[in-house]
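Laboratory data are not the source of any read-out in this text; all were calculated from the coordinates shown. The model shown is predicted, which means the values in this text are computed figures rather than measured ones. For neighbour counting, all protein chains shown are included, and Cβ atoms are generated from backbone atoms with ideal geometry for every residue, glycine included.
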Amino acid sequence: MMRFTRILLWVILFFIVIDFLSYLPPSVDGIRAGGTSAVIWICRMLLIASYFFMGVLFYRLQSRFNKIGYLDQKSADWLRLLGFWCLGIAVTASVQDGAQVIRRITDVDWTLRDWTYVYVRAFFAYLLGRTPVQIFFALFLFLFADFVRRADSVKHENESFI
């Protein structure tokens, strides 16, 4: 099963790299254009790079587990980092969605307060409505990292008695 998981992870990382390379030319043009288009493209590229980084962390976790046979303190640190990374992905996707909402509303003469209100509403609607999976996964990773830390400390206490 571990071999299948490793192959699947490499395939996913390969497709993430292809996705990144396919978005690179239009993102450079979008960033040069400025405005909300630049924010959208920067967020998109950050999201793709974040997915790749998460895949690399999962690979490192799996390799460490295969090497030592259990998850230790370093693995718990990586799990916490993955949790924070998931929260960052949720926030970045929300920033991107808010910028897309603002870009769609171009012919309205609003004040800065009105634009801010629309952006904040779009941000939180996306964050709480469309990305709860990332948030719950991050909370799970924090809980699991805490479990790993406590299990590792109990393991060391038991080894010291023997």
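Descriptive notes on the structure:
- Entry remark, the stretch 106-156: residues being closer than 14 Å to LEU87 by Cβ, among the hydrophobic types (A, V, I, L, M, F, W, C) and not in a helix (DSSP H, G or I) number 0 in total.
- Within the stretch 13-47, the set of residues being of a type in the set (Asp, Glu) and within 19 Å of THR92 (Cβ to Cβ) comprises ASP19 only.
- Any chance LEU81 is farther than 21 Å from ALA99 by Cβ, surrounded by fewer than 17 Cβ atoms within 10 Å (Cβ to Cβ) and out of contact with any Phe, Trp or Tyr (no Cβ under 7 Å at 6 or more places or on another chain): yes
- Residue that is surrounded by the most Cβ atoms within 10 Å (Cβ to Cβ) [pool: residues in the stretch 98-140 that are within 19 Å of the chain's Cα centre (by Cα) and among the β-branched types (Val, Ile, Thr)]: THR131
- For beta carbons closer than 8 Å, sequence separation of 6+ or different chains, a first residue in the stretch 13-33 that is surrounded by 11 or more Cβ atoms within 10 Å (Cβ to Cβ) and a second that is charged (D, E, K, R), the qualifying pairs are TYR23/ARG44; SER27/ARG44.
- Qualifying residue in the stretch 65-75 (condition: in contact with a Ser or Thr (Cβ under 8 Å, 6 or more places away or on another chain), under 29 Å from PHE4 (Cβ atoms) and free of Cβ contacts under 8 Å to residues at least 12 places away in the same chain): yes
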